[in-house]
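These notes are about the structure you will find just below.
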Amino acid sequence: MEKTLVLQENDQPLAVLLTYEKYLVLQDQLDALMRTIYVLSSPEESTAFRSSVSDVKDGRVKDLQDINASLKKKK
C-alpha cells in the first residue's frame, strides 16, 4: 500500500493511515524540527550556532580528512 488514507465520518477527518516507512520519515522530520527549535530557543546553543556559521563563512574550518592526516603524522 503506497497510498495515504484519511478515515472520515460525516466528512470529518478522524484518522490518517499511512505506511510505516512514511511514518518514520515524518518522525525524523519532526525530530529535526524539534532540535532546530531547541537550538534557536536556547541562548547558548543559538550563540554557538551563529559562531559556527561565522567560522565557516570566514574560512576558519578544516576538512576532517586533513585533521585525520595531521593526527596520523603526529603518531
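The values are calculated or read from the model by the stated rules, or taken from the named source; none is laboratory data. As the structure is a computational prediction, the values presented were derived from the model and not from experiment. We place every Cβ from the backbone using ideal geometry, glycine too, and count neighbours over all the protein chains shown.
Brief remarks follow.
- Entirely in the chain, the helices (runs of 4 or more DSSP H) that have 3 or more residues that are modelled with pLDDT under 95 and within 21 Å of the chain's Cα centre (by Cα): 20-41, 43-57
- Contact map, the stretch 8-27: residues that are free of Cβ contacts under 8 Å to residues at least 40 places away in the same chain paired with residues that are of a type in the set (D, E, K, R), Cβ distance under 9 Å, separation 6+ or inter-chain. Pairs shown: LEU17/LYS3; LEU18/LYS3; THR19/GLU2; THR19/LYS3; LYS22/GLU2.
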